[in-house]
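J.: Structure below; questions to follow.
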Amino acid sequence: MTVSGTRLRLGVVGCGDVAHRHYLPPLLAMAARAEIVGFCATRLEAAERAVAVVRDSSPNAVAFDRLDAMLERVRPDAVFNLTPAPLHAAVSRECLAGGAHVYSEKPLASTLAQADGLIADARQAGRLLMCAPASAVTRQVRWLAEVIASGRLGRPTLAVAQYANMGPASWREYTGDPTVFYGPGVGPVFDIGIYRLHELTSLLGPVRRVQAMGAIAIPERTILGGPRAGQTMVVTAPDHVLIHMEFRSGALGQLLSSFAVPATQSPYLEVHLSSGTISLTGDPYSADGPASVFVLGTGPGPATDKPATDKPATAQDNAAAEAWHHGLTAPPPPDHFPIIGRGVEHFLDCVAGREQPLLTAEHARHVLEIVLLAYESMADGRARAMSTGF
């Protein structure tokens, strides 16, 4: 059941760093379409702070420290679940039971059984259940999917991706406590590598088999921002993770996800096809940066700078077409928001019945299984077969 013809009434559960830096800005920008009627946080003062931020556009917003009270009192049409990762499944389940559509931060759940249960609950309740990250609905990924599907560069054979930095302990702008990100249940794959996994599967389809290894590269960190700035913390989960994948199509994939890379100039995503390569460099947060595309020549002979003519193409002309093409961007219209905000926009459009969901719970469940099997594989080095699709 979608909601159309009225201003949507939204609830937000979790009022920390991600809410203030990434979700409230697009929600404020789309205030004509949706108002926030409730904020919920374990600390009431955190919810009250969020209420103050949106007071001008959502004057009826109320702060809560209990989710059941928010759902019963303000009855939102839809809820954004921005709680810590281990709480996602329980919070989403309660929101669905309370009659709300749900958009969850990643990951969808902590186990496949939890994910299966949430999908069943949403189906039974007739509510949308969608999940970040929003890579699949960015204009850039949609465009790349169109290029790959066209066959102009042949068939995909290999994809290499990375999301690698020093993690939240080194993000001076981060306003929370980063220690949870370096422990079991979170780590670099769940926090940032999951973006690349959604992009890889959006472009190449479902994965058949997974194998991985991981290590703790830097056992102790100094926190550079937020309330614990200057303190040290211990890393208790792998901060370097390498995941190898075999896609159902037969293509292979590799992901480096790390909280132990000081800096990198490597492309954050490269897709190699039988007749060309697509390479993305720059800021992996932007999702609208230019791409470089290499086109393989179709004939033998040395490449030349011979100008085009009206004469029939020769083998040498075909070889000359072999080149990199830099600075390519997706055709208009551009996205209005960065990746996270694009997910917010897509969810509101889906709840209003203007778009069909692309950020499905089934896709999020498939990516969750990749991550879970990768961590299983780290323990014994053996490959694991996937059981889900999307």
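FYI, it's all coordinate maths here, none of it is from the lab. All figures in this text were calculated on a predicted structure; none of them were measured in a lab. Neighbour counts run over all protein chains shown; Cβ positions are idealised from the backbone, glycine included.
J.: Given axes a ≥ b ≥ c from the Cα gyration tensor, I'd like to know whether segment 91-138 is rounded (a/c under 1.5), prolate (a/b larger than b/c) or oblate.
T.: Oblate.
J.: Note down the nm distance, to one decimal, between modelled labels 7 Å out along Cα→Cβ at R123 and at L87.
T.: 2.9 nm
J.: Nearest 0.05, what FRET efficiency do H244 and T6 give at R0 = 45 Å with Cβ-Cβ as r?
T.: So, using R0 = 45 Å, E works out to roughly 0.40.
J.: With a ≥ b ≥ c the root eigenvalues of the C-alpha gyration tensor of segment 102-177, is it rounded (a/c under 1.5), prolate (a/b larger than b/c) or oblate?
T.: Oblate.
J.: Sort the following peptides by mean Cβ neighbour count (other Cβ atoms within 10 Å, averaged over residues), highest first: 237-243, 20-26.
T.: Output ranking for 237-243, 20-26: 237-243, 20-26.
J.: Once both labels are modelled 7 Å past Cα along the beta-carbon direction, what's the S170-M213 spacing in nm?
T.: 2.2 nm
J.: Subtracting the Cα-Cα distance from 0.36 nm times the residue separation, let me have the gained length for R152 to A32 in nm, one decimal.
T.: In short, 39.0 nm is gained.
J.: Now for a different question. What angle do you read, to the nearest 10 degrees and between 0 and 90, between the alpha-carbon axis of helix 339-351 and the longest principal axis of the chain?
T.: 70 degrees
J.: Please give the charge dipole size of the chain, origin at the Cα centre, charges +1 on K and R Cβ atoms and -1 on D and E Cβ atoms. Round to the nearest 20 debye.
T.: 420 debye
J.: Could you tell me the distance between the Cα centroids of segment 213-231 and segment 3-46, to the nearest Å?
T.: Cα centroid to Cα centroid, the span is 31 Å.
J.: Along Cα→Cβ, 7 Å out, is where each label goes; now give me the distance between the ones at R73 and Y285 in nm to one decimal.
T.: 3.4 nm
J.: Using only DSSP helix segments of four residues or longer, with each worth -39500 (n - 2.57), what per-residue ellipticity at 222 nm results for the chain after dividing by its residue count and rounding to 500?
T.: -8500 deg cm²/dmol
J.: What length, rounded to one decimal in nm, is gained on full extension from R228 through to E355, with 0.36 nm per residue of separation minus their alpha-carbon distance?
T.: Once the chain is fully extended between R228 and E355, it gains 41.5 nm.
J.: Cα atoms only, segment 8-131: Rg and Dmax in Å?
T.: Calculated on Cα positions, Rg and Dmax stand at 13.4, 42 Å.
J.: Quick one: Y174, Y285, fewest Cβ neighbours within 10 Å first, how do they rank?
T.: The order, fewest Cβ neighbours first, is Y285, Y174.
J.: Counting other C-beta atoms within 10 Å, and keeping those with at most 13, which DSSP coil trypsin sites (Lys or Arg not before Pro) do you find in segment 78-186?
T.: Here the sparse-neighbourhood loop sites are R152, R172.
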